[in-house]
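Let me begin by presenting the structure, written as structure tokens, before commenting on it.
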Amino acid sequence: MSATGTNPGEPATGAKPLLRALGGEAVWPPPMWLMRQAGRYLPEYRAVREQAGGFIALCTNPELAAEVTIQPIRRYGMDGAILFSDILMVPWALGQDLRFAEGEGPVLAPLRDAAGIAALQPSMLRSRAAPIFETVRQTRAMLAAAHPRTALIGFAGSPWTVAAYMVEGHGSRDFHTARGLAFGDPNLFGRLIRTLVESTTDYLLAQIEAGAEAVMLFDSWAGMLPPGQFRRWVIEPTALIVRAVKRAHPAIPVIGFPRLAGPLIGEYVTRTGVNAVAMDTAMDPRFAAQAVPPNVALQGNLDPLALVAGGVALETEARQILAAMRGRPFVFNLGHGIEKITPPEHVAQLVRLVRSGG
Ligand code: CP3
């Protein structure tokens, strides 16, 4: 790919290493970023979080949200900047009550019947989420000015995982109520999933229009469904969103994260049409390399606890992943979000190691 950018010395958009890898090129050393790279392990994040007053206030304050999006780029020069927001901002924008309780995680007004679903307001999504799209716009401008090799990643939760929180009303080890509803009243649950397919598509398109250069779909709770339910509530809705995004923006890569999909990872990739798939910590990268077509990028999958440990444990784990992924399109990342107890200098150690190619 040639550098055709109008600013001398700056690579063209297509030349950003992350976008090349997501486009199917075996870039080496691989581009890298970390899930939840903006967050409480960084003192500069905690300062801005305090200034904002609350998590939702931070997500809906474009200046501050853009600032925390850029913080890990400033510190570590990551190849990807992920929009600072949350997967639950879609239910929030649809009108569901949401708060983030200190030490408790997200709390939503549980949605379990037809009236609750009918009360959601998809037509309000673009206006309520407008500050988030403005964050995308401002972040993209900040990257262009100071970090021209870093690509901006937009994101949303996948319908299954978002619906699981909407129905349950909070985080859970097993999401009993949501899984029970999906089996017990598939028509009702399907109506919620359809609403989320449309809203999530709309939400991602607005992020792309505002400047997101790639988008990621987080399906953190995909792995607790049996195969039939996985196909119905994970693969099918994701495929609809990917198709709609591709129809409008064929050049924007889509990354899927079907956490704990295990042996269904290959079927997930081929049937959804994602450009890249994020591997969770339990996935063997060698298995994924066999199960996923060679033009589809793999992303992952260092255990966040190896990053907490640092030192030799971190080096050994990271090198194994690099060795397994060399020669194919790959993006180095964690297998789940960074832990808040992570020493920031361990992230620096990891960046040096990955940049050396292992
Ligand atoms: O840096 C980034 O990756 C960008 C921002 C981002 C956040 N959440 C910020 C956040 C992203 C991409 C997410 C995704 C997300 N949110 C997922 C999918 C990925 C995963 O980790 O499985 C899920 C399931 C959520 C829902 C959610 N948000 C939970 C369960 C919690 C509470 C637990 C926790 O980790 O704190 C949140 C809160 C949240 N989202 C925080 C951040 C930085 C902490 C809020 C704070 O600062 O108090």
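The values are calculated or read from the model by the stated rules, or taken from the named source; none is laboratory data. What you are looking at is a predicted structure, and each value in this text was computed from that prediction instead of being measured. All Cβ positions, glycine included, derive from the backbone under ideal geometry; neighbour counts span all protein chains shown. Surface accessibility is based on the protein's heavy atoms, side chains included, excluding ligands, DNA and RNA. Shrake-Rupley method; radii C 1.70, N 1.55, O 1.52, S 1.80 Å.
Heavy-atom accessible area per residue, the chain, 1.4 Å probe: how many Å²? Numbers along the way, then the final one.
Numbers: 14140 Å² over 358 residues.
Per residue, the chain has 39 Å² of solvent-accessible surface.
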When the dipole is taken about the Cα centre of segment 153-302, and only Lys, Arg (+1) and Asp, Glu (-1) are charged at their Cβ, what size is it in debye, to the nearest 20?
300 debye
Given Cβ point charges of +1 (Lys, Arg) and -1 (Asp, Glu) and nothing else, what value in debye, to the nearest 20, does the dipole of segment 183-225 about its Cα centre take?
180 debye
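Give me the percent of accessible area attributable to carbon and sulfur for segment 257-358, probe 1.4 angstrom.
Numbers: 2150 of 4040 Å².
Carbon and sulfur: 53 percent of the exposed surface of segment 257-358.
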Under 5 Å between amide hydrogens, which residues at least 5 positions from VAL331 or on another chain qualify, with H placed 1.01 Å from N in the peptide plane?
LEU298, GLN299, GLY300
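Per residue, how big is the convex hull of the chain when only Cα atoms are used? Give it in Å³. Mind showing how you got there, number by number?
Values: hull volume 44.3 nm³, N = 358.
It is 124 Å³ per residue.
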Measuring from label point to label point, each 7 Å out along Cα→Cβ, what is the ARG128 to THR270 span in nm?
3.9 nm
GNM top mover of ALA141, ALA93, ALA115 - the chain, alpha-carbon springs below 10 Å
ALA115
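So what's the net charge close to PHE133: Lys and Arg +1, Asp and Glu -1, counting the other residues with Cβ under 10 Å from its Cβ?
Details: positive: ARG126, ARG137; negative: GLU134, GLU209.
Here the charged neighbours net out to 0.
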What FRET efficiency comes out for the pair ASP284/GLU63, r = Cβ-Cβ distance, R0 = 41 Å, nearest 0.05?
0.45
Within the chain, excluding any GluC sites (Glu not before Pro) found in a DSSP loop (not H, G, I, E or B) and having at most 14 other Cβ atoms within 10 Å, the longest uninterrupted segment runs 105-358
Would you be so kind as to identify which of PRO122, THR177, LEU188 lies farthest towards the positive end of the dipole of segment 106-224, taking Lys and Arg as +1 and Asp and Glu as -1 on Cβ and the Cα centre as origin?
PRO122
According to a simple spin-label model (label point 7 Å from Cα along Cα-to-Cβ), what is the distance in nm between GLU339 and ALA141?
4.0 nm
Need one value: the accessible area of ASP202 in square angstrom, 1.4 angstrom probe, rounded to the nearest 10.
50 Å²
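How big is the shadow of the Cα convex hull of segment 199-292, averaged over all directions, in nm²?
Its average projected convex-hull area is 5.8 nm².
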Between segment 199-273 and segment 99-134, how many Å separate their Cα centres?
20 Å
Positive-end residue of MET283, VAL245, SER356, charge dipole of segment 244-358 with Cβ unit charges
VAL245
Relative contact order, percent, the chain [alpha-carbon distance under 8 Å, six or more residues apart]
21 percent
